[in-house]
Amino acid sequence: MTNPPERRQPQTFGLPWPDLNDGLFYNDVVRPSDSELTLIEFYSSKYKNSAPRLGWVQRIESGQIRVDGRVDTDPNTILRVGSELVYHRLPWREPEAPYLLEVLYEDDDMVALNKPSGLQVLPGGLFQQRTALTQLQWWASKQGSSLERQEPHPVPVHRLGRGTSGILLCAKTKLAKTHLAAYFADGTSSIEGNRNANLEICEVRKITKIYRALVTGILSDDKVIIKQPIGMVQYPGVAKGLYVASPSGKPALSKVAVVERDVQGNNTLVQVEIQSGRPHQIRIHLSFIGHPLLGDPLYVDGGQPKCFDPEIIDENFAKDGGYQRPTKPVPGDCGYYLHAHQVVLSHPTTNQETKITAPLPSVLLTQEEAKVNSIH
């Protein structure tokens, strides 16, 4: 088994965020399938995650969209095949986010980072610049590389929720990216293949992911296997829909083991091993069995959102035409305690078993682990 080399001082990198981001440019060329659409029909359908229809009307009428180099303020302009469309969203100040990342493991093929809670992995929603991907791009540009087989910068091969801390695997080469992405996909597809079978944690896998979490209440059983499918519902403030526990959803499997019970505090430290990788799976599964993560602002008992009315779709928009900041809890809100603690994987090029560990936050330590930490 390959372990990261011992370091006296952890290597960290990261640059403070500028006050404003760079804004966004949407560049499009009208395809035959989009010809005869109006300007508003094109943008409100293709970029519905960016703004509601009325928001796009405002953006067009305020002169933020160019058609073939000229500003067009008429939402009903008919598009022609081959026309070039450009929308420029002006720079804005993104919400606060941490920027320092710790390197847990690095070689020529991949790098494993310790992502802090509060940092989004990839651009989306209010966070277009303040992401782990941006810091990776800046880090790579400072280091430079002349290797043709390398990606322009390390690329995350999976996601972690914004409020989740811990191991984030990133590929440095195209081959590593292909192999690592396949590891994550294989775990989920094997669960898909056993939809009607008695789901088990598969013993032969290319990657194993272990999380540590703090949940509300006292789990009575030392070990629990959760097989609840996860589906999607409409939810205000989440354009693509919200993932929830759903009988008609896709198969998902989590293996939970109690680490320590705090009867006085009425919470339980647990270890969770997941094979499938559904979005927010651990949060949904633990809340489904009646033990939501402590501090989770969104999911409650049953694997459902705290505030839920599927009929309410918010069409209000902000000054720039985009969606208003949601008034109800959304998946990116933080406050819960979930940490990607350990990954054991087959190295993407050498096939050697490689173990990577991210130090636990103090709130997720057992009493014994906290004592050991205080001695050191």
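Every read-out reported here was derived from the displayed coordinates using simple, explicitly stated rules and does not represent laboratory data. In this text the structure is predicted, and so the values were computed from the model without any measurement. A quick note on method: Cβ atoms are made from the backbone with ideal geometry, for glycine too, and the neighbour counts reach across all protein chains shown.
Here the peptides 230-237, 87-94, 65-72, 27-34 are ranked by packing, the mean other Cβ count within 10 Å, and the order with the highest first is 230-237, 87-94, 65-72, 27-34. Our summary gives the chain a relative contact order of 18 percent, counting only alpha carbon pairs under 8 angstrom and 6 or more residues apart.
Report the calculated FRET efficiency for D221 and S374 (r = Cβ-Cβ distance, R0 = 41 Å), to the nearest 0.05. The pair D221/S374 has a calculated efficiency of 0.85. Springs between alpha-carbon pairs under 10 angstrom, Gaussian network model over the chain: which of N114, N21, N266 fluctuates most? Result: N266 has the largest fluctuation of those listed.
Between E84 and Q137, full extension at 0.36 nm per residue minus the direct alpha carbon distance yields a gain of 16.3 nm. For E353, nonlocal amide neighbours, meaning residues 5 or more places apart or on other chains whose placed amide H falls under 5 Å from its own, are T2, H347. Given the pairs K177/K255; K48/K328; K223/K371; K142/K355; K172/K255; K240/K328, which span a C-alpha to C-alpha distance of over 22 angstrom in this model? Going by Cα-Cα distance, K177/K255; K223/K371; K142/K355; K172/K255 fall outside the 22 Å limit. Label T349 and L20 with points 7 Å out from Cα along Cα→Cβ: what is the distance between them in nm? Output for this residue pair reads 4.2 nm.
Length available on full extension from N266 to S248: 0.36 nm per residue minus the Cα-Cα distance, which gives 3.2 nm. Averaged over residues, the count of other Cβ atoms within 10 Å places the peptides 282-292, 44-54, 363-373, 339-349 in the sequence 282-292, 339-349, 44-54, 363-373, highest first.
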